[in-house]
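A quick write-up on the structure given underneath.
Each reported figure results from applying straightforward, stated rules to the coordinates on display, with no laboratory input. Everything numeric in this text was worked out from a predicted model, so none of it was measured. Here the Cβ positions follow ideal geometry from the backbone for every residue, glycine too, while neighbour counts run over all protein chains shown.
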Amino acid sequence: MAVTVSPERDVVATPVQRAFREALYAGAIALGLFVLFIGLKTDQNISNELILLQRWGLLAIVVIATAVGRFVYVGYAQPAMERAKAQKAAAPAAAATAPGFVRRNFNQIGVAVLLLYPVVIVLMFGFQGSLKWVDNFGIQILIYVMLAWGLNIVIGLAGLLDLGYVAFYAVGAYAYALLGTHFGLSFWILLPAAGLMAAFWGVMLGFPVLRLRGDYLAIVTLAFGEIIRLVLINWREVTNGSAGISGIPKVTFFGLMSFNVSDPNYIAKVLGIAQSGAYYKIFLYYLILGLCFLTAFVTIRLRRLPVGRAWEALREDEIACRSLGINTTTTKLTAFATGAMFGGFAGSFFAARQGFVSPESFVFLESAIILAIVVLGGMGSLGGIAVAALVMIGGTEILRELNFLKVVFGPDFTPELYRMLLFGMAMVIVMLWKPRGFVGSREPTAFLKERKAVSGSFTKEGHG
Amino acid sequence: MSASPSTNDFILQVEHLSMKFGGLIAIGDLSFQARRGEITALIGPNGAGKTTVFNCITGFYKPSEGMITLNRIDGSSYLLERLPNHEIPARAKVARTFQNIRLFSGMTLLENLLVAQHNKLMKASGYTMLGLFGFSSYRKASAESIDLAKHWLEKANLVDRADDPAGDLPYGAQRRLEIARAMCTGPELLCLDEPAAGLNPKESAALNALLMDIKNNTGTSILLIEHDMSVVMQISDHVVVLEYGRKISDGSPQSVRTDPRVIAAYLGVDDEEVETVLIEVGDEDVIEQLDTGPDAAHGPGTSSSFLAGPVTDTIGHSEGERVTVSKGASKAEQVDAKANAAPRKPAERATAKPTGSTPKPRGGRK
């Protein structure tokens, strides 16, 4: 896509002429690329024979769209961008000193939006209409925010590439599901228990992989994630295999109110309001929001404590850490355990929200998505990761809502199927535009005179 | 050499230290002492094993043989070869810097110095638990640690850049920061691996001043590897010279400077002279090897950077293969041989040739 036009040609060709020529080239390339992909399609006819469908109209649309797009980009968008850049260069001081109001108060605005989100949704759509928005968007995204913040401790701070993070999510979910269904223990007891259990497995994983670095560490953690999943599938007596565990008890409002319609202390009966499933969802929304805030609070606090600094130092240079008397073994183990603990919290919440867990929910793809969120958001940055989770999870969820696409591509078009394609495209685009994620810089944990963000070009990614 | 009236005079005693990597003997039977409150320099040509000695002292390598005793000022002593890597700075109070600077480049200067105070702060934060809930004891310790960091930043003349990332500093400043970081661990022995490498004369002078300041004002003893002789001769009180893993000289800077064995090790001896010596010694085998030069593939070549490279990579490098220094490679040994051979009669030379028992004045290299 790089524009490689020599300066001499620039002088003779006006932007429009150049744009016209490049549009022709782009159209020709698109034609060559797509003639077999789009122009022809194999299909079966009624008598089960293979036939070749010709779709020249569609091909023409794609080629023309490409050519027009290139024409507009080269002829109008590029000169406009250059003008904007020149203007910016002419007045650099003003732009640098005054970051926008939104950017300055990003965290406060984010917290306010998150707190008000269910209220606004209920006001807009009513209780019944709010279900989808609170559950599919709000809770779903926040679960991933929490998971990504947990993984951020392991990868973003300590620099240990963990590809099996979903294992701790699974441990937390099954801990709650099993203890909750068999012993009838409350969510509020099992939440810390699930966290501790996951932390314990974090340490268990940590011990054998302490000596491994980089790719080797990634592979072993990947294997660990698969081991946990396979155990869950095959240990039928306990986990009920692939069929999963259902009938997991719901969370209660700290034991005071319940969300089961049949219970005497059902929330609607206690408060004397109309029955609705939305109360539970809204309660769960605030619950996971609270857990997210807990994760963020602990992460921010830990970064300013010696252990958090040691994690970051470990990411930067492990040998230097040892020369300063830092016990790298315990430091790595605490990173694994802390990250796993938040995964366990998220897992037990997930089990409570779904009411059903099965090994299907803990496949490698989940680990990959969480990792992608961390990388996309910018390793180590909480705000960036939250935005990345919103884009990635919210983006894939919103695809279900884009019904107008059916009008364009025909009634049997299901946008969800293109989820992964768009996911990949989004990652490529973001990585080209911001190679270090949305927030590439690092906030120092202490300062003498002023807090200056450390540019991403100085920080290291860690070697495991 | 080990006779010392009071062991507390010596902060560090290295006795019969040997380090073998497979068949390669990087250090052979090395003994020396470093006095408390002095600057001891460890010098030698490239590949002499200086950094290996450092890695043994600071626990990055476990020596094959020998004993390294560190006597702290409170009278306690530690056998460094038995302590785990990270406990050497924490308990025995030995801090080190690296030949290829190892700063936390993505962290600010201040943070670098705070990481160095990890163990102290860890205790103050109640192993994270008290600090997590914001107890005041941690806040106090944290403020103190920032004061100490500021103190050392001022000493290293870096306080203006305290909030910049360490990776953004020029090379000379990075060297000073690494020393300041090591000093923030509160060491009794500071090991500096080529602190003046790559510095210009002005920076080198500033480094000398910093080291003298550390020596005079903190009571920290310094052990130093250096190639820059202006640094070594100006500031060190005691010099130990290594060549091919063996000590060839030990004493004050003046005595070392005039030692013919040291001069030979650094500058070499004339080829003619070498041949005369070797013929006198009667070792044809050696002459043959001399013609081809030191075996670059095995023995320490002219640049044995693999000894100084990333410390973790070196172990297990040459397993199961016996590697020895080629016999004629040690220049200091040639000087010895010459000195020993000179009194012998020329007539004897002709007949003594096939006896096979070549005189090995400083023996043991087998």
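In a fully extended conformation the segment linking B:Thr218 and B:Arg91 would gain 43.9 nm over its present Cα-Cα distance, using 0.36 nm per residue. Among A:384-390, A:289-295, B:183-189, sorting by the average number of other beta carbon atoms lying within 10 angstrom of each residue, highest first, gives A:384-390, B:183-189, A:289-295. Under 12 Å from a label point set 7 Å out along the Cα-to-Cβ vector of B:Ala209, the amide N atoms of the stretch B:150-185 belong to B:155-158.
For chain A, the longest principal axis of the alpha carbon atoms and the long axis of helix A:306-316 meet at an angle near 40°.
Only lysines eight or more places from A:Lys281 in sequence, or on another chain, were considered; those with a Cα closer than 16 Å are A:Lys132, A:Lys250. Short to long, the 5 Å bins of the Cα pair-distance histogram for the stretch A:107-364 hold 1, 6, 12, 16, 16, 15, 12, 9, 6, 3, 1, 1, 0, 0 percent of all pairs. Report the normalised scattering of the stretch A:310-447 as log10 I(q)/I(0) at q = 0.13, 0.15, 0.19 Å⁻¹, calculated by the Debye formula with identical scatterers on the alpha carbons. Debye curve over Cα of the stretch A:310-447, log10 I(q)/I(0) at q = 0.13, 0.15, 0.19 Å⁻¹: -0.79, -0.98, -1.27. Backbone amide hydrogens, once placed in the peptide plane, bring A:Tyr266 within less than 5 Å of A:Ser258, excluding anything fewer than 5 places away on its chain.
Shielding by partners for peptide B:99-105, expressed as the average number of C-beta atoms from other protein chains within 10 Å of each residue's C-beta, is 5. Does the stretch A:136-187 classify as rounded, prolate or oblate by the C-alpha gyration tensor (a ≥ b ≥ c root eigenvalues; a/c under 1.5 gives rounded; else a/b over b/c gives prolate, otherwise oblate)? Since a/c reaches 1.5 but b/c is at least a/b, the shape of the stretch A:136-187 is classed as oblate. Here the scattering of the stretch B:106-184 is modelled by Debye summation over its C-alpha atoms, one equal scatterer each and no solvent; at q = 0.18, 0.19, 0.20 Å⁻¹ the log10 of I(q)/I(0) is -0.69, -0.75, -0.80. Here, the stretch A:153-278 has an Rg and a Dmax of 18.8, 60 Å when only alpha carbons are counted. Pairwise Cα distances in chain A exceed 29 Å in 60 percent of cases. If R0 equals 60 Å, the separation of the Cβ atoms of A:Phe125 and A:Lys460 corresponds to a calculated FRET efficiency of about 0.80.
Relative to the longest principal axis of the C-alpha atoms of chain A, give the angle of the C-alpha long axis of helix A:278-304, reported between 0 and 90° and rounded to the nearest 10°. Its long axis makes an angle of about 90 degrees. Distances between placed amide hydrogens fall under 5 Å for B:Ser249 paired with B:Val241, all partners being 5 or more residues away or on another chain.
Using the Karplus relation 6.51 cos²θ - 1.76 cosθ + 1.60 with θ = phi - 60°, the per-residue 3J(HN,Hα) values for the stretch B:154-169 come to 5, 4, 8, 6, 10, 5, 5, 10, 4, 9, 8, x, 4, x, 8, 6 Hz, with x marking Gly and Pro. Across the stretch A:431-439, rounded Karplus estimates of 3J(HN,Hα) from the backbone phi angles (6.51 cos²θ - 1.76 cosθ + 1.60, θ = phi - 60°) give 5, 6, 7, 9, x, 9, x, 4, 10 Hz, Gly and Pro being marked x.
Assuming a ≥ b ≥ c are the square roots of the Cα gyration tensor eigenvalues, decide whether the stretch B:1-137 counts as rounded (a/c under 1.5), prolate (otherwise, with a/b larger than b/c) or oblate. It comes out prolate by the Cα gyration axes.
I'd like the distance separating the alpha-carbon centroids of the stretch B:210-255 and the stretch A:217-255, in whole Å. Taking the Cα centre of each part, the stretch B:210-255 and the stretch A:217-255 sit 62 Å apart. Summing Lys and Arg as +1 and Asp and Glu as -1 over all other residues whose Cβ lies under 9 Å from the Cβ of A:Trp311 gives a net charge of +3.
Subtracting the Cα-Cα distance of A:Gln44 and A:Phe200 from their residue separation scaled by 0.36 nm leaves 50.7 nm. The stretch A:12-37 and the stretch A:274-310 have Cα centres separated by 51 Å.
Counted residue by residue at 0.36 nm each, then reduced by the alpha carbon distance between them, the extension gain from B:Lys123 to B:Lys140 reaches 4.9 nm. Remark on B:Leu223: its backbone amide H falls under 5 Å from those of B:Thr40, B:Leu190, B:Cys191, B:Leu192, a criterion applied only to residues 5 or more positions apart or on other chains, H modelled at 1.01 Å from N.
Residue by residue, the stretch A:163-180 carries 3J(HN,Hα) couplings of 9, x, 4, 4, 4, 6, 4, 5, 4, x, 5, 6, 4, 5, 4, 6, 5, x Hz when phi is fed to the Karplus relation 6.51 cos²θ - 1.76 cosθ + 1.60 (θ = phi - 60°); x denotes Gly or Pro.
With respect to chain A, whose longest principal axis is taken over its alpha-carbon atoms, helix A:187-209 is tilted by about 70°. For the stretch A:7-95, the average shadow cast by the Cα convex hull is 8.9 nm², which is a quarter of the hull's surface. For the stretch A:234-316, just say rounded, prolate or oblate: build the C-alpha gyration tensor, square-root its eigenvalues into a ≥ b ≥ c, call rounded for a/c under 1.5, and beyond that prolate if a/b exceeds b/c, oblate if not. Because a/c hits 1.5 or more and a/b fails to exceed b/c, the stretch A:234-316 counts as oblate.
Under a model in which nothing but the beta-carbon of Lys, Arg (+1) and Asp, Glu (-1) is charged, chain A shows a dipole of about 1220 debye around its Cα centre. What number comes out for the charge environment of B:Phe104, summing +1 per Lys or Arg and -1 per Asp or Glu over other residues with Cβ under 10 Å away? Neighbour charge sum, excluding B:Phe104 itself: +1.
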